[in-house]
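As structure tokens, the structure follows; a few thoughts come after it.
The values are calculated or read from the model by the stated rules, or taken from the named source; none is laboratory data. Everything numeric in this text was worked out from a predicted model, so none of it was measured. Cβ: placed from backbone, ideal geometry, glycine included. Neighbour counts: every protein chain shown. Protein only, heavy atoms only, side chains kept; ligands, DNA and RNA dropped before computing areas. Shrake-Rupley method; radii C 1.70, N 1.55, O 1.52, S 1.80 Å.
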Amino acid sequence: MASPDGTSPTLQAANKAFARLDIDGHDLPPSPAPSSPQAGRRRYALATELVYTETKDQYGASSIPIYQSATFKQTSSSGGNEYDYTRSGNPTRTHLERHLAKIMNATRALAVGSGMGALDVITRLLKPGDEVITGDDLYGGTNRLLTYLKNNQGVVVHHVDTTNIDRVREVLTDKTTMVLLETPTNPLIKIVDIPTIAGVTHDANPKALVIVDNTMLSPMLSNPLDLGADVVYESGTKYLSGHHDIMAGVIACNDPELGDKMYFTINATGCGLSPNDSFLLMRGVKTLAIRMEKQQANAQRIAEFLESHGFRVRYPGLKSHPQYDLHWSMARGAGAVLSFETGDVSLSERIVEAARLWGISVSFGCVNSLISMPCRMSHASIDAKTRKERQMPEDIIRLCVGIEDADDLIDDLSRALVQAGAVTLTIDGFHATDAEGNGSTPTSA
Ligand SMILES: Cc1ncc(COP(=O)(O)O)c(C=O)c1O
Ligand SMILES: N[C@@H](CCSC[C@H](N)C(=O)O)C(=O)O
């Protein structure tokens, strides 16, 4: 016999059998379908996929509308619609998540309110007593959250030099539940061998999760899931959005169970990205390819300029980078963040403060060029003692290169170097002044 709504007994039984339960076994209100790239269709080059989207918008809108609605009307007293409440799911966010899954080579992507929000969702997979291995050169906020988990949640955190596989092996045991990597590291631009670490981690404990923070490269330049990572996350505040007008975080994985667990946390805590910011992130992603191409071309010019004038520059686009080959075995570009040292904190301060075109600001990945002193700014939450133990040079200057004219950027930097007294003028131009006050020999032409 058919039910009052006309559903056959067979369909009623099937609906019951396939009722969506959350990981605690509670009946879920309607939630968005898992984000997945459309299977079976032609896959275009990444630059094309970044702009190519499909929607079933009733008016054929070529840009996803902003569904600025907290709640959605249902067709029956038991719900019945794909969306019920924006904390649980929103069409603008789902559209973005499906697009991100496609470009991150994942079957599931999730969008949240910030990069740190993404790491919070991921680390809620941990239980007291779990062990995490991570780097000794980490973004300050990541270090802060891990320290909180260590001090308050009983999670054991090992900070080691993840560029040295032996240091990782020393702390890797069957208790290791998570290995958290950044590459290139922020701000020392060290390169971490993702495939090797993923291999040894999964050998030691097949259930351990290798998590990669891909903020420095973005999906344009690297897909850590293809290199053996289980979960990749990024601060969408950076390259993905590109204009420093939103905060966002994205998470991607290929394991549906893991995706469901992280979605559970997002729904339970309410950290999903807002409809308006989902729209802006979607818009930003479409121009990622051209922004990144210009930013890294500019970064390469600036890195070569500084190195040729005698500064110690850290940038994986320079052949002098000690892990140049490793970086290029994993990535399609060098990115647009570089750092250099002057040997003197007050000299670095004078350079930063003399720059005009380069904004003194934390963050990176924006169309505007930025200059900063990480130990005073982005990494100030790591205490001075720990910074010293981790060999972070206090004088290090970080440059986050934008899309301006490269000659203008070099002119402004040159003027700042001269004004700060960082260089010695010679008949041929200028060279970095060493600690003794002499113009040093340029390291390359
Ligand atoms: C490498 C890295 N990961 C994560 C984050 C956190 O991102 P958000 O500022 O969007 O929370 C940042 C910067 O803030 C970062 O530099
Ligand atoms: N005051 C902020 C500093 C944010 S740093 C942003 C970015 N990751 C960078 O490396 O510049 C904080 O305490 O988190």
*asked:* Would region 104-194 count as rounded, prolate or oblate if I go by the C-alpha gyration tensor, calling it rounded below 1.5 in a/c and otherwise prolate when a/b exceeds b/c, oblate otherwise?
replied: rounded
*Most mobile of Ile290, Ile66, Ile302 in a GNM of the chain (Cα contacts under 10 Å)*: Ile290
*Give me the percent of the accessible area of the chain that comes from carbon and sulfur atoms, probe 1.4 Å, all protein chains in place.*
52 percent
*asked:* Apply the a/c threshold of 1.5 to the C-alpha gyration tensor of region 289-443 and tell me whether it is rounded, prolate or oblate.
replied: rounded
*Note down the magnitude of the dipole of the chain about its Cα centre, charges +1 on Lys and Arg C-beta and -1 on Asp and Glu C-beta and zero elsewhere, to the nearest 20 debye.*
980 debye
*With every protein chain present, what accessible area does Lys286 have (1.4 Å probe, heavy atoms only), rounded to the nearest 10 Å²?*
60 Å²
*Choose one of Val171, His309, Leu409: the residue whose Cα lies farthest towards the positive end of the charge dipole of the chain (beta-carbon charges +1 Lys, Arg; -1 Asp, Glu; about the Cα centre).*
Val171
*Summing Lys, Arg as +1 and Asp, Glu as -1, what charge do residues with Cβ under 14 Å from the Cβ of Tyr315 carry, Tyr315 excluded?*
+3
*asked:* Students often get this wrong, so check it: of Lys175/Lys238; Lys56/Lys261; Lys56/Lys207, which have C-alpha atoms separated by over 30 Å?
replied: Lys175/Lys238; Lys56/Lys207
_Let me check against my output: what whole-number percent is the relative contact order of the chain, with C-alpha pairs under 8 Å and at least 6 apart?_
15 percent
_What figure, in Å² to the nearest 10, do you get for the accessible area of Asp383 with a 1.4 Å probe and non-protein molecules left out?_
80 Å²
*Could you please report the charge total around Thr142, scoring K, R as +1 and D, E as -1 over all other residues with beta-carbon less than 9 angstrom from its beta-carbon?*
-1
*Shape call for the chain from the C-alpha gyration tensor, a ≥ b ≥ c root eigenvalues: rounded (a/c under 1.5), prolate (a/b greater than b/c) or oblate?*
prolate
*Given region 21-285 reduced to its alpha-carbon atoms as identical point scatterers, what log10 I(q)/I(0) does the Debye formula return at q = 0.10 Å⁻¹?*
-0.50
*Can you give the accessible area per residue of region 21-285, in Å², using a 1.4 Å probe?*
41 Å²
